[in-house]
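The values are calculated or read from the model by the stated rules, or taken from the named source; none is laboratory data. Bear in mind that the values here come from a model prediction, so they are computed numbers and not experimental data. Ideal geometry is used to build each Cβ from the backbone, glycine not excepted, and the neighbour counts take in all protein chains shown. Each accessible area value is taken on the protein alone, full model and side chains, heavy atoms only, with ligands, DNA and RNA left out. Shrake-Rupley method; radii C 1.70, N 1.55, O 1.52, S 1.80 Å.
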Amino acid sequence: MLKKAGLACTVCGSRNYTLTLSSVAKEKRVEVKKFCRTCGKHTLHKETR
């Protein structure tokens, strides 16, 4: 079964992206450097639950 997760900007906190992840338990949350429309630059985005 797949699980939906959102990615939130670490600078401004806006949730810009969504992912589909496997439901297997993992220790760390996903961290990706992506473009934030609110900040207007590439920032680190972390998985939210």
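Does segment 22-43 hold any residues that are part of a strand (DSSP E or B) and either within 13 Å of C12 (Cβ to Cβ) or at pLDDT 90 or above (or both), and which are they?
Across segment 22-43, the qualifying residues are E31, V32, K33, K34, F35, C36, K41, H42, T43.
If K46 passes every condition in (1) over 8 Å from the mean Cα position of the chain (by Cα); (2) open to solvent by 70 Å² or more (accessible area, probe 1.4 Å) but one, which one does it miss?
Answer for K46: the failing condition is (1).
When you go through (1) touching a Phe, Trp or Tyr at 6+ places or on another chain (Cβ under 9 Å); (2) of a type in the set (S, T, N, Q); (3) open to solvent by 100 Å² or more (accessible area, probe 1.4 Å) one by one for T18, which number turns out not to apply?
The failed condition is (1).
Residue pairs, Cβ under 9 Å, 6 or more apart or interchain, first in segment 10-31 and touching a residue at least 24 places away in the same chain (Cβ under 8 Å), second open to solvent by 100 Å² or more (accessible area, probe 1.4 Å) and among the acidic types (D, E). List them.
T10/E31
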